[in-house]
Structure formats: C-alpha cells, structure tokens
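J.: Before we start, here is the structure in question, set down as structure tokens.
The values are calculated or read from the model by the stated rules, or taken from the named source; none is laboratory data. Since this is a predicted model, take the numbers as computed values, not measurements. We place every Cβ from the backbone using ideal geometry, glycine too, and count neighbours over all the protein chains shown. Accessible surface areas use protein heavy atoms only, side chains included; no ligands, DNA or RNA. Shrake-Rupley method; radii C 1.70, N 1.55, O 1.52, S 1.80 Å.
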Amino acid sequence: MTGLAPESNAALEPVRKELRSVAQKRAAELRDDARRQSSALVDAARTEAAAILSAAAKEGEATARSEAALRSARVRREAHELVLAQRSSLRLELRRRVREAAVGLRSDARYVALVTRLTEQCRELLGPDAVVSESPEGGVVAEAGSRRLDLSLPVLAEMSLDSVPGARELWTR
C-alpha cells in the first residue's frame, strides 16, 4: 500500500479501521439523510402538484361556469332579438294591411259622406276659414295659417290602430 515500514503499517491498521468505520457511518448517515430529504422533496412535490391540479380543476370549473353563463346570456339575448324582430315584422305587416284597407275605403259607396264629415271636422277644429283639400291617399288635409290637420285615411288608420286597447302591449312585452 504505502511505503511505510511493516511495523508502522501494523500500528496504523487500527486507526485505518476506525477511520474507515467512521467514514462508512458518516456515508450511511449522509445517504439516510439524503434519502429522507429526497423523500420529503418528492412528498412536497406531490402535495404541490395535487394542489396545483386541484386549483387548475377549480379554475377550469369556474371558467366553464363563466363561459356557460356568457353563452346562456348570448343565447337569451339572441332569442330576445329574434322575438323583437318578429314582433316588429308583425307590427309593420299589420300597419301595412290596415293602411291598405283604409286606402281601399276610397272605393266604398260611403266614402263621399266620410270626406264630408272629415271636412266638417277640420273646419270645427281649425275654423271656418280652413283650406281643406282631399289627400291623394284618401281623406282630407286642412290648413289654417301655420296650423295643419292631416285626416288622410292612412293617418286615421294609424291613429285607429294605436287607439286599440292592448295593441301597444303586443309590441312592448
């Protein structure tokens, strides 16, 4: 081994054994300590991974709920817009039909009497000097100075439709 004399080697043998024993014990302690630390780190990493996974799952659920709520709100809004568009379309169609029916009164035998009554109404409201003329769509229009009164058939039809009890609620629900 070394270049020492055989007696020195024999004398140092117990020291070497003791040093080897101490080194082996110390190495075993370090290995055990390293295993404990390694085990603790792995346990901590597993715990942290589980916590991260749990937090991610909760965050995912919250995000999913939020997205579902947004999607639901969007669907409700789109449905409401569709209902409003349908109501508007129906309202416009009803107004168009009422207007057409009113204009169609010009061919009715009672139309001349209606124009006479409308003319009288204009003179009652605007005075006897009101200038009353027949509207191209039927009915009459009167003017007296800066005042103007439109009793044309389409305007009267619109006013009649607006005065029907409950008609406005059909479009505003």
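J.: Only one residue in R35, R106, R91 is among the basic types (K, R) and open to solvent by less than 80 Å² (accessible area, probe 1.4 Å), so which one is that?
T.: The match here is R91.
J.: Right, next: Could we say that L114 is open to solvent by less than 50 Å² (accessible area, probe 1.4 Å), within 17 Å of R147 (Cβ to Cβ) and under 54 Å from the mean Cα position of the chain (by Cα) here?
T.: Against the criterion (open to solvent by less than 50 Å² (accessible area, probe 1.4 Å), within 17 Å of R147 (Cβ to Cβ) and under 54 Å from the mean Cα position of the chain (by Cα)), L114 does not qualify.
J.: Which residue out of V98, V22, V15, V75 is touching a residue at least 12 places away in the same chain (Cβ under 8 Å) and either over 30 Å from V164 (Cα atoms) or part of a helix (DSSP H, G or I) (or both)?
T.: V98
J.: Condition test on L4, is it modelled with pLDDT under 85 and surrounded by 10 or more Cβ atoms within 10 Å (Cβ to Cβ)?
T.: Yes, satisfied.
J.: Next question, about the same structure. Within segment 117-150, work out how many residues are closer than 21 Å to R97 by Cα, over 45 Å from the mean Cα position of the chain (by Cα) and part of a strand (DSSP E or B).
T.: Adding up the residues that qualify gives 2.
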